[in-house]
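Asks: Before anything else, here's the structure in question.
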Amino acid sequence: MKTRGLREEAEGILAVELCMADSTPLPFSWQPGAHVDVQMGSGVVRQYSLTNLADEGCLRLAIKHADDSRGGSRWLHQQLRVGDRLKVSAPRNLFPLQPGTGPVLLVAAGIGVTPLLAMYRQCRAEQRPVQLLYFARSPAHSAFIEQLRHDPAVRLISGLAAAEVGAYLDQHLPAWQTDSQLYTCGPDGFMASVQQLAGERGWPSSALFQEHFQAPLVSDSQEAELVLARSGKRVTVLAGETLVAAAERVGISIPTSCGMGMCGACMTAVVSGEIEHRDQYLSDAERASGQWIMPCVSGCAGGRLELDF
Ligand code: FES
């Protein structure tokens, strides 16, 4: 796809507009909450939420420059220019806005606003009751502020310390009403607070939805034996180590890209052993088959795992 527009949306946040390289209509559609895989010139692949609705005929992303960027956001911020081409997947949706007519509460922190912005726009388009709570470090760090600042259904909250965010949520998170849904996206600790407080206010888990855009923090707490069937190599997977890292120690390089269980690059066939799935890529049927694993994040549920590698 071709980069049609670039804009500094807020401090450290780059807005990117993409269209088809030949300017033809997009060959796909999507629902709010969807993301695309973007391949950088550096070869790495990253996932970014779409902030706009499909009827605009282009893809809009907002990319935060991650301080610890391993070549994803840093490459986009520093290297991408208008007119450049990027390899972009069709949208996938792991965080869809559920159908319904009941009120929708969207609770975002930082760059977590991106999928929620698309949901917000969809609710407004459907005249569905919606409210957006958006926490940012400062007004300068708040993306889309020009569009949102005068909207009575949006509350922009900035400049709060972490403990104050919890106190604010404690004061302002409403009790559950029949048919209402709550969607949250932001750092893990933030989403955990939202979920906990919502639970205390009677929100059932079936009405709570959240997006993870970080590698799961869980890893195996016990050692396990990893067998790489094609080479016959064996290695002990240390507590807290990924299968990919363990294989690397014996010279076997499993291709990876996102390192977060989202892109599919590391998908590997399992010869034997029980899997602890932690990815967001495999379908329920693929998991149930026991035949596939995403070794960048998933682990071993028993003491031994044999992979077709
Ligand atoms: S590297 Fe992306 S799913 Fe494993």
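Asks: Any residue in the stretch 155-167 that is in the same structural domain as ALA198 (by TED's automatic domain parsing) sitting within a Cβ distance under 6 Å of a residue that is assigned to a helix (DSSP H, G or I)? List the pairs, counting only those 6 or more apart or interchain.
Replies: Final answer for the pair search is SER158/PRO139; GLY166/SER193.
Asks: Here is a further query. Does GLY264 meet the test of being within 16 Å of the ligand (Cβ to nearest atom), touching a residue at least 24 places away in the same chain (Cβ under 8 Å), small (Gly, Ala, Ser) and surrounded by fewer than 20 Cβ atoms within 10 Å (Cβ to Cβ)? Don't jump to the end; show me each part of the working.
Replies: Working: within 16 Å of the ligand (Cβ to nearest atom): yes; touching a residue at least 24 places away in the same chain (Cβ under 8 Å): yes; small (Gly, Ala, Ser): yes; surrounded by fewer than 20 Cβ atoms within 10 Å (Cβ to Cβ): yes.
Against the criterion (within 16 Å of the ligand (Cβ to nearest atom), touching a residue at least 24 places away in the same chain (Cβ under 8 Å), small (Gly, Ala, Ser) and surrounded by fewer than 20 Cβ atoms within 10 Å (Cβ to Cβ)), GLY264 qualifies.
Asks: Right, here's the next one. What do you reckon, is GLY12 open to solvent by 10 Å² or more (accessible area, probe 1.4 Å) and touching an Asp or Glu at 6+ places or on another chain (Cβ under 7 Å)? Talk me through it step by step, then tell me what you get.
Replies: Details: open to solvent by 10 Å² or more (accessible area, probe 1.4 Å): yes; touching an Asp or Glu at 6+ places or on another chain (Cβ under 7 Å): no.
No.
Asks: Got a number for residues in the stretch 268-300 being closer than 21 Å to SER231 by Cα, within 13 Å of the ligand (Cβ to nearest atom) and open to solvent by 60 Å² or more (accessible area, probe 1.4 Å)?
Replies: Qualifying residue count for the region: 1.
Asks: Please work out if LEU182 is open to solvent by less than 70 Å² (accessible area, probe 1.4 Å), in contact (Cβ under 8 Å) with a residue 12 or more places away in the chain and part of a helix (DSSP H, G or I). Can you show your working first?
Replies: Details: open to solvent by less than 70 Å² (accessible area, probe 1.4 Å): yes; in contact (Cβ under 8 Å) with a residue 12 or more places away in the chain: yes; part of a helix (DSSP H, G or I): no.
For LEU182, the condition - open to solvent by less than 70 Å² (accessible area, probe 1.4 Å), in contact (Cβ under 8 Å) with a residue 12 or more places away in the chain and part of a helix (DSSP H, G or I) - is not met.
Asks: Whether any residue in the stretch 196-207 is away from the ligand (no atom under 16 Å from the Cβ) and in contact with a Pro (Cβ under 8 Å, 6 or more places away or on another chain) is what I want to check. Don't jump to the end; show me each part of the working.
Replies: The first filter runs over the stretch 196-207 and keeps only residues away from the ligand (no atom under 16 Å from the Cβ), leaving 196-207.
This time we only want the ones that are in contact with a Pro (Cβ under 8 Å, 6 or more places away or on another chain), so: 201.
Yes, the stretch 196-207 contains at least one residue that is away from the ligand (no atom under 16 Å from the Cβ) and in contact with a Pro (Cβ under 8 Å, 6 or more places away or on another chain).
Asks: Tell me, please, whether a residue that is open to solvent by less than 20 Å² (accessible area, probe 1.4 Å), closer than 30 Å to HIS277 by Cα and part of a helix (DSSP H, G or I) can be found in the stretch 204-217. Walk me through how you get there before you give the answer.
Replies: Start the filter on the stretch 204-217 by keeping residues that are open to solvent by less than 20 Å² (accessible area, probe 1.4 Å), which leaves 207, 211.
When the remaining residues are screened for being closer than 30 Å to HIS277 by Cα, the result is 207, 211.
Imposing the further condition that a residue be part of a helix (DSSP H, G or I) reduces the set to 207.
Yes, that holds for at least one residue.
Asks: Considering every residue within the stretch 119-133, establish whether at least one is under 17 Å from CYS185 (Cβ atoms), touching a Ser or Thr at 6+ places or on another chain (Cβ under 8 Å) and not charged (D, E, K, R). Lay out the reasoning, then the answer.
Replies: Let us first name the residues in the stretch 119-133 that are under 17 Å from CYS185 (Cβ atoms), namely 119-123, 130-133.
Filter once more, keeping what is touching a Ser or Thr at 6+ places or on another chain (Cβ under 8 Å): none.
No, the stretch 119-133 has no match at all.
Asks: Determine if the stretch 158-171 includes at least one residue that is open to solvent by 20 Å² or more (accessible area, probe 1.4 Å), at pLDDT 95 or above and part of a strand (DSSP E or B).
Replies: Looking for residues that are open to solvent by 20 Å² or more (accessible area, probe 1.4 Å), at pLDDT 95 or above and part of a strand (DSSP E or B), one finds none in the stretch 158-171, hence no.
Asks: Select, from ALA143, ALA118, the only residue that is open to solvent by less than 40 Å² (accessible area, probe 1.4 Å), in contact (Cβ under 8 Å) with a residue 40 or more places away in the chain and not in a helix (DSSP H, G or I). Break it down stepwise before answering.
Replies: Details: ALA118 fails: not in a helix (DSSP H, G or I).
The conditions single out ALA143.
Asks: Considering (1) over 27 Å from PRO91 (Cα atoms); (2) among the small types (Gly, Ala, Ser); (3) out of contact with any Pro (no Cβ under 9 Å at 6 or more places or on another chain); (4) within 16 Å of the ligand (Cβ to nearest atom), say which one GLY303 fails and leave the rest.
Replies: (4)
Asks: A further question on this structure: Scanning the stretch 227-261 for residues that are among the small types (Gly, Ala, Ser) and away from the ligand (no atom under 13 Å from the Cβ), which turns out nearest to MET294 (Cα to Cα)?
Replies: As a first pass, look at the stretch 227-261 and keep what is among the small types (Gly, Ala, Ser): 229, 231-232, 239-240, 245-247, 251, 253, 257, 259, 261.
Retained after the next criterion (residues that are away from the ligand (no atom under 13 Å from the Cβ)): 229, 231-232, 239-240, 246, 251.
On the way: ALA229: 16, SER231: 19, GLY232: 20, ALA239: 18, GLY240: 16, ALA246: 14, GLY251: 19 Å.
Within the stretch 227-261, the match that is nearest to MET294 (Cα to Cα) is ALA246.
Asks: Please enumerate the residues belonging to the stretch 190-203 that are of a type outside the set (Val, Ile, Thr), within 15 Å of ALA163 (Cα to Cα) and open to solvent by less than 50 Å² (accessible area, probe 1.4 Å).
Replies: Of all residues in the stretch 190-203, those of a type outside the set (Val, Ile, Thr) come to 190-193, 195-203.
Narrowing the set further to residues that are within 15 Å of ALA163 (Cα to Cα) leaves 190-193, 196-197.
If the condition is that a residue be of a type outside the set (Val, Ile, Thr), within 15 Å of ALA163 (Cα to Cα) and open to solvent by less than 50 Å² (accessible area, probe 1.4 Å), then PHE190, MET191, SER193, LEU197 are the ones that fit.
Asks: Now, a different point. Name the strands (runs of 3 or more DSSP E) wholly inside the stretch 10-112 in which the number of residues that are in contact (Cβ under 8 Å) with a residue 60 or more places away in the chain and not assigned by TED's automatic domain parsing to the domain that holds ASP279 is 2 or more.
Replies: On the way: elements: 13-19, 35-39, 45-49, 59-64, 104-109.
Result: 13-19, 35-39, 45-49, 104-109.
The values are calculated or read from the model by the stated rules, or taken from the named source; none is laboratory data. Every value quoted in this text rests on a predicted model; they were computed, and no experiment measured them. Please note: Cβ atoms are built from the backbone with ideal geometry, for glycine as well, and neighbour counts cover all protein chains shown. Surface areas here come from the heavy atoms of the whole protein model, side chains and all, with no ligands, DNA or RNA. Shrake-Rupley method; radii C 1.70, N 1.55, O 1.52, S 1.80 Å.
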